[in-house]
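Okay, so here's the structure we're looking at.
The values are calculated or read from the model by the stated rules, or taken from the named source; none is laboratory data. Values in this document were obtained by computation on a predicted structure and should not be read as measured data. Glycine gets a Cβ as well: all are built from the backbone with ideal geometry, and neighbour counts include every protein chain shown. The area values use the complete protein model at the heavy-atom level, side chains included, leaving out ligands, DNA and RNA. Shrake-Rupley method; radii C 1.70, N 1.55, O 1.52, S 1.80 Å.
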Amino acid sequence: QVEFYILFCVAGRRGASFSQALCSTAAPRGVVLAFSLAYSKRGAASSGSMLVTGSAGWSGTSNTLAAQYFAEEGMPGGIPGPMQVQQAGYPVPPTLPPTQGGQFAIRAPNLPMGASAMPQPMLDSDPTDGPVSVAYGLQPELVEIRRKLPAPETKQYLHKPLFRQNERPVDFHPRQDADVAGFVLATGDPNGGLGGAHPANEEDKEKMNLHYNDSRLVFQCISGSALMHWNNQQDFNLGIYGARRAPRPIAWWDLRKAYDVAVELGDPDFDVAAAKFTVNMFGGNVEFCIEVEEDIPVWYNAIRSVIQDAAWHHAQQRETPAQKRRRWPAATGIAQAIAEGRPLGERALAILYHLYDVDMDCSMKLGEVMLLILEIHAALFAMSGSAEGKAGMESCVQGAMARLPIDELFELALVFRRQCDSSNDGKITKPEFVRLGHEALLQALEAHYQVR
C-alpha cells in the first residue's frame, strides 16, 4: 500500500468564499488543509482500492468546508464519492462504508507504512536499515584552504570589486637556497635541560599542549615563508606536502613578519648549543639554538634571505607609477642637500617620510627603507652629469639597481633601521624619522659611498 499526502495551504483573505469560510471556522489569516490518498493495486485484473481522507488539523471543521473547496475547484459534487472515483479509473471496494451524501468519511491522515518515531541520527546508524554510510562518525577536518572567490573572473559575483580591492596577489616566492631543514633546540636556554626535563616543558604542555622531550629537540624547516617545528623527521617527511591525515607541525611562524635576526655564539666549554638565534618579528621574538657550529651560517643566510625577499616584495607590491613621480623631486632635493653638506629640516624629513610610506600605515618598514636608499642613490647618480643620469628618473633608478645589488641594499637598510628605530619594534615612526632620520641616512650611505 502506498500513501500520498497532499497539503493545501490557503492564505486567509477576506472576500474569497472558501477562504472566508475557513477563516470564520479557524485562524483569521490562513489554514492548512491536509488530505491523504491511500491506493493499493494488486494487478491489472484484480480490483484495487482507494480511500480519500482529510482533516483540517483542528476541531470545528467538517466535510462542508472540504466540499466547498472541491466545488470551487470545479468539482460540484464536493468530496469525490465512489462514482466519481470509479469514473476516474480507480475501482472502489464494495465494502467501503459511505456516509451521508455518498461521500467518504473524513478522518485524520495515517502515517506512512514503515514509518518510525526514532530520531534520524539513530536511523542513519542502524545496521538493520541497510549498510551504514562511510560518512557516519567522521570528524570534521581541514582538507585545504581555498580562495573566497574560486573563479575571480566570473561575472556572477555581486560585490566582486569590493573583494578585489582587498586582494593581495600571492606571488611572493623566496629563493631556493632558503629551503633548509634540520634538528634544533626549541628554546633560548639550551642548558635548562641538563640533568632532567627542561623547566619550560611543563608550562608549554599546560598552556599550548606541546609535548617536548627533556632537551626540547625538534625538527625545524623553512617552507616558503613559514618557519615550522615538527616532532621528528618522520613527521616532517610525511606531512610537509600536506597529505590528508598526515602529521602536522607543532608550531609555525610567518617570516614575512620578521625584520631582523641576531646570532649569539655560545661558550664551547659551558654551553650545550653552539649558537642561539633570535628572530625579531612584529608580534614578538622567536628563539632557537643550534647544536652544530657548521649549521650556523646555513640557518642565518636562509632566514635573512626570506626577510630580505619579503621586505622588498612588500615595497614593490604597493607602489604605483604616480607615487614614483611624486617621490622623485623630493629624492633629488634630499640628494642635493646631502651632497652639499646642508642639514635637513624637520619639514623636509616629514614630507620625505610620508612619500616613502608606500602602504600608508604611518610606519616605515624595512622594504620602504630599501626603496628610500635606492632612490636617493639614483638621485645622486643623476647629479653626476653623465648621459645616463640625464635620461630621466627611470634610467637613473635602473642604473642605481645595476650598481647597487639587492643584497647590499638590504644591508644598508638594516643599518638605517637599527640607527633610526629607537624602540626596536621593526617600525620607524614619524617622530623617530624626523629626529634620527638624517643621521641614519648619512650612516647608511657612508657605508658605501662616503658622502658625509
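Every residue, every condition in (1) within 20 Å of F183 (Cβ to Cβ); (2) outside any loop (DSSP other than H, G, I, E, B), yes or no:
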site	(1), (2)
G242	no, no
Y259	no, yes
E264	yes, yes
D269	no, no
V272	yes, no
K276	yes, yes
V286	yes, yes
Requested in this report: Please find, within segment 258-287, the residue that is farthest from the chain's Cα centre (by Cα) out of those that are closer than 26 Å to K205 by Cα and of a type in the set (D, E, K, R).
Outcome: D271
Query raised in the report: Do any residues in segment 343-366 that are free of Cβ contacts under 8 Å to residues at least 40 places away in the same chain and under 20 Å from T332 (Cβ atoms) have Cβ atoms under 8 Å from those of residues that are open to solvent by less than 40 Å² (accessible area, probe 1.4 Å) and assigned to a loop (DSSP other than H, G, I, E, B), where the two are at least six apart or on different chains, and which pairs are they?
Result: D357/S363
Report task. For segment 247-261, enumerate the residues that are free of Cβ contacts under 8 Å to residues at least 60 places away in the same chain, open to solvent by 40 Å² or more (accessible area, probe 1.4 Å) and out of contact with any Gly (no Cβ under 7 Å at 6 or more places or on another chain). Result -> I250, W252, W253, D254
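Considering only residues that are of a type in the set (A, V, I, L, M, F, W, C) and open to solvent by 40 Å² or more (accessible area, probe 1.4 Å), look in segment 381-392 and name the one that is modelled with the highest pLDDT.
Filtering segment 381-392 for residues that are of a type in the set (A, V, I, L, M, F, W, C) and open to solvent by 40 Å² or more (accessible area, probe 1.4 Å), the one modelled with the highest pLDDT comes out as M383.
Here is a yes/no grid of residues against (1) out of contact with any Ser or Thr (no Cβ under 8 Å at 6 or more places or on another chain); (2) of a type in the set (A, V, I, L, M):
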residue: I373; (1), (2): yes, yes
residue: G385; (1), (2): yes, no
residue: D407; (1), (2): yes, no
residue: L436; (1), (2): no, yes
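Say whether the condition of being aliphatic (A, V, I, L, M) and surrounded by fewer than 21 Cβ atoms within 10 Å (Cβ to Cβ) is met by at least one residue in segment 426-438.
The answer is yes, given that some residue of segment 426-438 is aliphatic (A, V, I, L, M) and surrounded by fewer than 21 Cβ atoms within 10 Å (Cβ to Cβ).
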Report task. Run G242 past the list (1) under 24 Å from the mean Cα position of the chain (by Cα); (2) surrounded by 14 or more Cβ atoms within 10 Å (Cβ to Cβ) and report the number of the one that doesn't hold. Result -> (2)
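Take the conditions closer than 24 Å to Q398 by Cβ, assigned to a helix (DSSP H, G or I), in contact (Cβ under 8 Å) with a residue 24 or more places away in the chain and open to solvent by less than 60 Å² (accessible area, probe 1.4 Å) and apply them to A311. Does it pass? Steps first, please.
Working: closer than 24 Å to Q398 by Cβ: yes; assigned to a helix (DSSP H, G or I): yes; in contact (Cβ under 8 Å) with a residue 24 or more places away in the chain: yes; open to solvent by less than 60 Å² (accessible area, probe 1.4 Å): yes.
Considered against the rule, which asks whether it is closer than 24 Å to Q398 by Cβ, assigned to a helix (DSSP H, G or I), in contact (Cβ under 8 Å) with a residue 24 or more places away in the chain and open to solvent by less than 60 Å² (accessible area, probe 1.4 Å), A311 comes out as yes.
Among the residues of segment 393-416, count how many are farther than 26 Å from I307 by Cα and loosely packed, with under 15 Cβ neighbours inside 10 Å. Give the derivation first.
Step one: list which residues in segment 393-416 are farther than 26 Å from I307 by Cα, which gives 393-396.
Subset that is loosely packed, with under 15 Cβ neighbours inside 10 Å: 394.
The number of residues fulfilling the criteria is 1.
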Report task. Kindly list the number of the only condition in (1) at pLDDT below 70; (2) aromatic (F, W, Y); (3) not in a loop (DSSP other than H, G, I, E, B) that fails for F219. Result -> (1)
Query raised in the report: Take the residues of segment 288-308 that are among the hydrophobic types (A, V, I, L, M, F, W, C) and not in a helix (DSSP H, G or I): which is surrounded by the fewest Cβ atoms within 10 Å (Cβ to Cβ)?
Result: V292
